[in-house]
Amino acid sequence: MKQLGTIILLWVTLAISATTIRIPNAQTWTRSELSAYQGQTITFAEDWYVCNNYRGSYTISPRRIFSPTNMALPLSQEYSTLLTLNNLGTVTLTNVSGSHRCGERLHNLTVYVASNASVRLVSCEWVGNTRADLTQGFNVHDVDARGTHNVLVCAMNLQWYLVENLGTGYGPDNETQHSNQRTKVSSALAKINADIYGVMEVERGQAALAELAQDLTTNTGRHFTYINDGTSTYSSYTKSGYVYCSDVVEPDGAYRLNNTKVSYRKYMQAFRHKESGETFIFSINHFKAKSGTATGADADQGDGQGIFNATRTAEAYSVLNAYDDNRVFYQDSDILIMGDLNAYAKEDPVRVLTNGGMIDLHRYFHADSSYSYNFRGETGYLDHALCNTTMLSQVTGMTAYHINSDDFYDCTYTSSDRTMFRCSDHDPIIVGLQLGQRAAVNPVLCNTAKVLFHNGYLSICNATGGYVRIYDIRGLEVWQERITGPQQEISCSNWPGGTYIIHLYCTDVQGVSSVQPYKMIIL
């Protein structure tokens with residue numbers, strides 16, 4: 001009997017033991033590395049990420065999977081490499097209980113390797129990017145990275161926000177679904193509590209904008225109204241529009257409509273900040289989507305940009321042309337361009353804007369870590385915020401508020417979930433502005449700032465009033481901090497070895513902003 005007991009105890013010990021695996025380079029990992037462990041239970045030393053949670057079916061990877069054209073120029077060698085790595089960089093995770101958002105990390109992950117394409121969850125700790133992390137609101141540090149904002153601007157695609165034309169196969173099919181959609185969207189907008197909203201995919205006419213303004217007034221205690229563009233309701237076709245807090249801003253001149261290629265989806269409107277008297281042009285846009293059937297120049301060219309790329313590129317040029325006209329009309333050159341451009345960061349339409357002098361605020365503030373949309377497990381940003389150099393000096397920061405792209409696919413207005421989460425398929429983009437206070441900016445001169453690394457400490461000198469962000473080689477932010485003294489030290493002694501990118505935000509005596517990059521290698 002003693003021997004039998006010993007045998008049973010030994011079997012139990014073997015059943016729960018697991019080999020610990022270290023991944024040398026998460027960025028180049030492919031599932032072929034699991035082949036050697038098929039039929040074994042293993043534990044990973046590194047955190048893994050949920051990449052896709054479509055209808056409760058999970059894929060995971062030791063890295064976030066980004067759309068290739070969000071990171072690399074179409075058809076470049078880097079694009080081809082990313083395309084291959086993305087195709088081989090995830091595995092299916094089974095035996096999962098509960099619902100988990102994309103971007104949640106699996107810490108101390110132990111799995112049984114069924115094959116190199118599928119693993120069964122044994123145990124892990126779910127950490128980060130949960131709904132609980134977001135219920136306190138967006139990260140105010142991101143919109144106040146370079147000073148405190150006095151105007152908050154939000155752009156958001158509302159995914160067929162319909163009030164009257166229900167049951168067309170797009171958006172809500174009945175009053176119950178509309179009520180759910182209204183509750184979810186209004187909760188999200190109130191949580192953000194911006195001063196100006198640029199909204200996309202709202203029903204043509206004024207009923208949808210009026211309803212949004214009414215709900216914001218009720219839910220925030222501030223008075224909101226909207227720009228009436230004179231359009232009438234027609235079927236379920238949607239448009240872009242403006243809702244704003246009249247306590248803080250007011251329109252400065254009439255709206256300007258740009259109907260190039262797609263109608264009622266590209267507008268410009270100047271707003272005046274009542275307290276300072278400062279004005280700026282807010283351009284809200286929704287470019288042609290990558291769906292439907294296209295021929296000729298708009299057909300899929302096989303470069304990762306999808307169909308209708310030629311149309312979106314033409315729309316981008318039209319925005320620049322409209323700006324040239326409208327800065328004369330509004331007698332103001334400051335412009336903030338936002339909206340769903342249906343193009344990732346390195347695609348032609350976005351490069352038209354950046355080559356035309358516009359600054360991509362996603363990359364300016366967040367390097368390669370920014371995203372607003374998740375499609376088939378690949379993240380990136382279709383929802384953009386760009387500005388020209390004079391506007392940049394008044395931008396305090398920007399962020400994507402990840403209440404939608406990472407959330408559970410089934411929690412839309414057709415479900416019983418009535419929270420703000422998954423009120424759309426796109427994340428809202430939020431930009432902080434400090435209007436009328438450029439002269440008050442405390443300059444942080446890049447030519448006098450020094451960044452030193454010694455004995456496990458990063459020292460930032462002569463940069464009081466600046467802001468620092470540090471990213472690992474994957475583009476994930478590992479540190480952010482305002483510089484409050486002549487020498488500020490950050491302890492890096494416990495950081496993993498590898499390459500880190502440091503962004504130091506500087507402002508010159510004219511209030512013009514720039515980012516000084518540094519590279520730090522920890523052996």
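Rule-based calculations on the coordinates, nothing more; no lab input. Because the structure is predicted, anything quoted here is derived from the model rather than measured. Glycine gets a Cβ as well: all are built from the backbone with ideal geometry, and neighbour counts include every protein chain shown.
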Query raised in the report: Just how large is the dipole of the chain about the Cα centre, in debye to the nearest 20, putting +1 at every Lys and Arg Cβ and -1 at every Asp and Glu Cβ?
Result: 960
Query - Euclidean distance between Cα centres, segment 14-82 to segment 332-405, Å - result: 27
Query raised in the report: Lys pairs in the chain, Cα-Cα under 19 Å, at least 8 apart or on separate chains: how many?
Result: 11
Query raised in the report: trypsin sites (Lys or Arg not before Pro) within segment 210-293: which are DSSP loop residues with at most 16 other Cβ atoms inside 10 Å?
Result: Arg222, Lys274
Query raised in the report: Tell me, Ser80, Ser493 in order of fewest to most beta-carbon neighbours within 10 Å?
Result: Ser493, Ser80
Query raised in the report: In square nanometres, what is the average projected area of the Cα convex hull of segment 355-504?
Result: 12.3
**Report entry** Relative packing of peptides 34-40, 123-129 - highest average C-beta neighbours within 10 Å first
**Finding:** 123-129, 34-40
Query raised in the report: Could you work out the helix-only [θ] at 222 nm for the chain, with each DSSP H run of four or more residues adding -39,500 (n - 2.57) and the total divided by the number of residues, to the nearest 500 deg cm²/dmol?
Result: -6000 deg cm²/dmol
Query raised in the report: Per q in 0.16, 0.19, 0.25 1/Å, what log10 I(q)/I(0) does a Debye calculation on the alpha-carbon atoms of segment 450-522 return?
Result: -0.54, -0.75, -1.23
Query raised in the report: Amide H of Thr396: which non-local residues (sequence gap of 5 or more, or other chain) have their own amide H closer than 5 Å, using H built in the peptide plane?
Result: Gly432, Leu433, Gln434
Requested in this report: Just grab the label-to-label distance for Lys519 and Asn462, each label 7 Å out from Cα along the Cβ direction, in nm (one decimal).
Outcome: 2.4
**Report entry** Sequence-distant residues sharing a close amide H with Tyr226 (under 5 Å, placed H)
**Finding:** Tyr244
Report summary line: In debye to the nearest 20, the charge dipole size for segment 450-522, taken about the Cα centre with +1 at each Lys and Arg Cβ and -1 at each Asp and Glu Cβ, equals 80
Query raised in the report: What length, rounded to one decimal in nm, is gained on full extension from Gln77 through to Ala114, with 0.36 nm per residue of separation minus their alpha-carbon distance?
Result: 10.0 nm
